[in-house]
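What follows is a short report on a single structure.
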């Protein structure tokens, strides 16, 4: 059975000298008893219009059901699918990786994060506002 995403949510967060534009898509949980929850996709840009994607990251939540005491199993798994090949995209990769790990841990769902933030410095306050927006919209 195919799952259809809910209507994408958009939001903007001012962070002078830029404004971050967020596009969040939440896929509803499937009616079957799949052990893997449906993913969440988030795109973060510094432009309201279309920009080339400079980073794309995927994160899985920590393996909380594991009986192992290994600290590595208590961290989210994260991989860069695209980006980081040049210095211009490294800021986007770093921001997307941090955001994907935090969201996967808090929501216990797989997360795809795309980012095109240019030379934007990923400030902790802005990262927190993005996480707050995502967590407040995911049930």
ask   = Is it true that residue 126 is surrounded by fewer than 19 Cβ atoms within 10 Å (Cβ to Cβ), at pLDDT below 90 and touching a strand residue (DSSP E or B) at 6+ places or on another chain (Cβ under 7 Å)?
value = no
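Residue by residue through region 46-63, note down the ones that are buried (at least 23 other Cβ atoms within 10 Å of the Cβ) and more than 12 Å from the chain's Cα centre (by Cα).
The answer is 54, and nothing else.
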query = When you go through 33, 49, 66, 12 one by one, which is the residue that is modelled with pLDDT of 85 or more and over 17 Å from residue 107 (Cα atoms)?
reply = 12
remark   = Going through region 69-92 in order, the residues found to be within 13 Å of the chain's Cα centre (by Cα), within 18 Å of residue 43 (Cβ to Cβ) and modelled with pLDDT of 90 or more are 78, 79, 80, 81
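The values are calculated or read from the model by the stated rules, or taken from the named source; none is laboratory data. Since we're looking at a predicted model, the values are computed, not measured. As a convention, Cβ positions derive from the backbone with ideal geometry for all residues, glycine included, and neighbour counts pool all protein chains shown.
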